[in-house]
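Okay, structure first, notes after.
The values are calculated or read from the model by the stated rules, or taken from the named source; none is laboratory data. Bear in mind that the values here come from a model prediction, so they are computed numbers and not experimental data. Cβ atoms come from the backbone with ideal geometry, glycine included; neighbour counts cover every protein chain shown. Areas reflect the complete protein model, heavy atoms only, side chains present, ligands, DNA and RNA absent. Shrake-Rupley method; radii C 1.70, N 1.55, O 1.52, S 1.80 Å.
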Amino acid sequence: MKGRGTSILLIYTGGTIGMIENAETGALENFDFDQLRQQVPELQRFAFHIGSCSFDPPIDSSDMDPAIWARLAALIRNNYGRYDGFVVLHGTDTMAYTASALSFMLEGLGKPVILTGSQLPIGVLRTDGKENLLTSIEIAAEREGGRPMVPEVCIFFENHLMRGNRTVKVNAENFNAFRSLNYPPLAEAGIHIKYERQFIRRVAAGTPLRCHTRMATEVAVLKLFPGIREEAVAAVLGIPGLRGLVLETFGAGNAPRQPWLVSRLKAAAGGGVVVVNVTQCGAGAVEMGRYETGRQLIEAGVVCGHDSTTESALAKLMFLLGQDLPPAEVRRLMGVSIAGEITPPEA
Ligand code: ASP
């Protein structure tokens, strides 16, 4: 059900979806909202108000950073009272990072924030952008029992609505480019949009929105590989001012049994760096107690990232460290689901 009074804010940040091919040069160029409306005349058929605003200039999502996330979060906060839902058009390359970050920055969110984009520009005949855009608007406007149907930060792409902080980009060319491998989709769009209500996260009615815009950037990601050398690990752990590290380990959270690795990690953790263990596998969770190669990391003070994606673990670290919490509290909260981003094992 969508009320006539419904209004949705469309925010164009940049990316392929809002581009058009220059007929003379063949280059992809950004276009503005008036052109978007021309390319997608279907927008006029929605029976509700669609407001729009655009980043000036629009950016390729490779240039996204925490300062821009802060602008985006503030834009949503400033328009929160005026709109029932938000659709953010975003480049696909870092969309999963932005969606993860917004899910932490917009605490208490009670309205839909749907990120979408496309693999082909909206001005191209075979574009996937139109479908993604129109369905995202439809989802952002959907209500049930007088409340928004999906009051979460989500990514909608090629028929699937996914929780934003569970999503990863898995394909650089298929239309079906995103997956949520550790959490079920929140909806499937076919002839009907079928919502999986039991998986949708809702905050208690009346919860106020609290927008956090401080994100710490003294963080890094280190992917282990067979043969990794001590110098490489030392260089990352030796980054001046480092406060947080996402360690991408093997399988269920395992690392080579090199004494130098454990002692370097232990020294870093002892010095206040929060090291979070996430798996390099697309699906499944870290269980550090399962093998000796994982258990040694517990002894080194490494925190379990459970079934988090790298994108989400990194954004959560930036968020928690940005709140200037003591490292012990950041470590504790990394093991707690604060925006549906992990499934901690039952106690
Ligand atoms: N490079 C583009 C971006 O992420 C790709 C896309 O939009 O799909 O901004």
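Tabulated data
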| quantity | calculated |
| --- | --- |
| Neighbour net charge for L75 - beta-carbon separation under 14 angstrom, K R +1, D E -1 | +3 |
| Sequence-distant residues sharing a close amide H with V246 (under 5 Å, placed H) | A220, V221, L222, V276 |
| 17 Å Cα-Cα reach of K223 towards aspartates and glutamates, excluding residues that sit fewer than 8 places from it in its own chain | E231, E248, D307, E311 |
| Relative contact order (percent, whole number), the chain, Cα cutoff 8 Å, 6+ residue spacing | 15 percent |
| Efficiency of FRET between H192 and I338 - r from beta-carbon atoms, R0 22 angstrom, step 0.05 | 0.10 |
| Net charge of neighbours whose Cβ lies under 12 Å from the Cβ of P344, counting Lys and Arg as +1 and Asp and Glu as -1 | -3 |
| Cα gyration tensor shape of the stretch 40-82, rounded if a/c is under 1.5, else prolate or oblate by comparing a/b with b/c | oblate |
| Heavy-atom accessible area ranking, 1.4 Å probe, most first, across F175, F157 | F175, F157 |
| Under-5 Å amide H pairs with T92, H placed in peptide plane, nonlocal only | T16, S118 |
| Under Karplus coefficients 6.51, -1.76 and 1.60, residue-wise ³J(HN,Hα) of the stretch 128-136 in Hz, glycine/proline x | 8, x, 4, 4, 4, 5, 5, 5, 4 |
| Along each principal axis, Cα extent of the stretch 224-347, largest first, Å | 36, 31, 23 |
| Descending Cα extents along the principal axes, the chain, whole Å | 64, 51, 34 |
| Members of K130/K169; K130/K316; K111/K169 lying beyond 21 Å, as alpha-carbon distances in this model show | K130/K316; K111/K169 |
| Solvent-accessible area per residue for the stretch 271-347 (1.4 angstrom probe, square angstrom) | 39 Å² |
| Tensor-based shape of the stretch 33-187 (alpha-carbon gyration tensor, a/c under 1.5 rounded, otherwise prolate or oblate) | rounded |
| Of R179, R45, R264, the one that fluctuates the most in a GNM where the chain has Cα springs shorter than 10 Å | R45 |
| Value of relative contact order over the stretch 166-324, rounded to a whole percent, pairs C-alpha under 8 Å and six or more apart | 24 percent |
| Among 94-105, 23-34, the order from most to least packed when residues are scored by Cβ within 10 Å on average | 94-105, 23-34 |
| Ellipticity estimate at 222 nm from DSSP helix runs (n ≥ 4, -39,500 (n - 2.57)) divided over the chain, nearest 500 | -8000 deg cm²/dmol |
| Table column - 3J(HN,Hα) (Hz), the stretch 25-35, Karplus curve with 6.51, -1.76, 1.60, x for Gly and Pro | 9, x, 6, 7, 10, 5, 10, 8, 5, 5, 5 |
| Derived scalar couplings ³J(HN,Hα) [the stretch 288-303; Karplus, 6.51 cos²θ - 1.76 cosθ + 1.60; whole Hz; x for Gly, Pro] | 5, x, 6, 10, 4, 5, x, 4, 4, 6, 4, 5, 7, x, 7, 8 |
| For the stretch 88-128: relative contact order, % (alpha-carbon pairs under 8 angstrom, 6 or more apart) | 46 percent |
| L10 long-range amide H proximity, modeled H, under 5 Å | G51, S52, C53, V87 |
| Prolate/oblate/rounded label for the stretch 121-188 (Cα gyration tensor, a/c 1.5) | oblate |
| Carbon + sulfur, % of accessible area of the chain - ligands and nucleic acids excluded, 1.4 Å | 51 percent |
| DSSP-loop GluC sites (Glu not before Pro) across the stretch 124-226, with at most 13 other Cβ within 10 angstrom | E173, E196 |
